[in-house]
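The values are calculated or read from the model by the stated rules, or taken from the named source; none is laboratory data. Model, not experiment: these values are computed from the prediction. Methodologically, a virtual Cβ is constructed for each residue, glycine included, from the backbone with ideal geometry; neighbour enumeration extends over all protein chains shown. Quick note on the areas: whole protein, heavy atoms, side chains included, nothing else; ligands and nucleic acids left out. Shrake-Rupley method; radii C 1.70, N 1.55, O 1.52, S 1.80 Å.
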2 protein chains.
Amino acid sequence: MEELKQRIRAEGQVLGDGILKIDSLLNHQIDPGLVMRCGQALALRFADKGVTRILTAEVSGIAPAFATGVALNVPIVYARKIKPVTMSGPVFLETAPSHTKGGDVNLLVAAEFLPPGERVLIIDDFLASGRTLKSLIRIIHSANCVLVGIAAVVEKGFDTGRASLEIYGVPIEALVTISSMDNGHIEFA
Amino acid sequence: MEELKQRIRAEGQVLGDGILKIDSLLNHQIDPGLVMRCGQALALRFADKGVTRILTAEVSGIAPAFATGVALNVPIVYARKIKPVTMSGPVFLETAPSHTKGGDVNLLVAAEFLPPGERVLIIDDFLASGRTLKSLIRIIHSANCVLVGIAAVVEKGFDTGRASLEIYGVPIEALVTISSMDNGHIEFA
């Protein structure tokens, strides 16, 4: 997705330790037109997969998952990190390490929003280590749903996420893949 | 907004202590078509206000703010509750009590995304006590931006939020207003 590459080249900041800041586009400020086009592009890649639901993790996954859900016309469920009082009834709970916040975070999904048999596409902002995505996959399996694909807006191709997710045998898609951020310089694959 | 009233009547749950659960529509699962139409309806009400930016608070404000930002074609900024490592540089920080999570939460906005003079519309999922919205207003004032309006998807008309926000002299809009939730029964104004 050339538009996204250009914006990341212009506005992305490499903060060290493999962290890319794209807060002006997606992670703090959201560019609505760009993110809607990202959602449309992701939706196209899974148009023939019979997706019935999208699963993401709060916070940064919500905007691209929502944009993809608009394009595919399916509900989006976002895993919560803290249980609000409105979350009554049984939940699926997994734990994942956080790259940008430190420590472990919980990921909670109310069982009522993942009924058995749903065909679920996972969307997140980044595919890096893949650990958040793996926690979401465990939730999908616990719910007896079918994982049909994994997608990210930006993949860090120099990290191990894609390799660790290939065992699930589903398409793994990213709109752009960064091959290197050495010396603060962003190179795309 | 009749469609939203019908959905809240059908799917909303009154959990006591003034808490309304609409997790199937907005707060855990997102209905993409409904939320996009909510955003379009909110955008119409502020179409002549010269809005240049939308401010909301993570997590539940993001979807309706994004949908409104798509319709108005302006960037959305969501206040973070926890500082991620990508949040470098000066921030505006306010504290607000959380109705659904308990305790106080921080609201952080990087100064770079609220440059002076922006005309800011605040969007949130609920207008109840108005305390989260007041914290966002303090951030807007600290940033030397102009508050042009306050909007929520659902207003709890029996709470004090609207009265406490009228001092700011800007339009306060909600798509639906609930006048009572006594005995678990939802009445609209």
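Points to keep in mind about this one:
- Gyration tensor verdict on segment A:55-123 (Cα atoms; rounded if a/c is under 1.5, prolate if a/b is larger than b/c, oblate otherwise): oblate
- Copies compared at B:Gly169 - label distances in nm, ascending, label defined 7 Å from Cα in the Cβ direction: 6.7
- With 50 Å² as the minimum drop in accessible area between chain alone and full protein complex (1.4 Å probe), the qualifying residues in segment A:81-106 are A:Val85, A:Thr86, A:Thr100, A:Lys101.
- Other residues with beta-carbon under 11 Å from the beta-carbon of B:Gly161 carry, at +1 per Lys or Arg and -1 per Asp or Glu, a net charge of 0.
- Scaled radius of gyration (Cα, divided by 2.2 N^0.38 Å) that segment B:57-189 gives: 1.06
- Interface residues, segment A:1-34 - accessible area loss of 20 Å² or more versus chain alone, probe 1.4 Å: A:Leu15, A:Ile19, A:Lys21, A:Asp23, A:Asn27, A:His28, A:Gln29, A:Ile30, A:Pro32
- When all protein chains stay in place and ligands, DNA and RNA are ignored, the 1.4 Å accessible-area order of A:Leu133, B:Leu15, largest first, is B:Leu15, A:Leu133.
- Restricting attention to segment B:1-117, close to 75% of DSSP beta bridges with both partner residues there are antiparallel.
- Put the Cα centre of segment B:14-28 next to the Cα centre of segment A:73-115 and the gap is 16 Å.
- Here the protein assembly as shown exposes an accessible surface that is 48 percent carbon and sulfur, computed with a 1.4 Å probe and the other protein chains kept in place.
- Restricting the calculation to Cα atoms, every distinct pair contributes to the Kirkwood radius of the protein assembly as shown, found to be 20.9 Å.
- Segment B:1-139 gives an Rg/Rh value of 0.97, both radii derived from C-alpha positions and Rh following Kirkwood.
- Distances, shortest first, from the label point of A:Gly102 to those at the same position in the other copies read 2.4 nm; the point lies 7 Å along Cα to C-beta.
- Solvent-accessible area buried by A and B, counting both chains, probe 1.4 angstrom, square angstrom: 3800 Å²
- q = 0.16 Å⁻¹, segment A:88-153: log10 I(q)/I(0) [Debye, one scatterer per Cα]: -0.54
- Here segment B:133-173 has an Rg and Dmax of 10.5, 32 Å, counting Cα atoms alone.
- Accessible area in square angstrom per residue, chain B, 1.4 angstrom probe: 38 Å²
- Across B:Pro115, B:Pro75, B:Pro171, mean-square fluctuation computed from a Gaussian network of chain B (C-alpha pairs under 10 Å connected) peaks at B:Pro115.
- Debye, to nearest 20: dipole size of the protein assembly as shown, +1 on Lys, Arg Cβ, -1 on Asp, Glu Cβ: 140 debye
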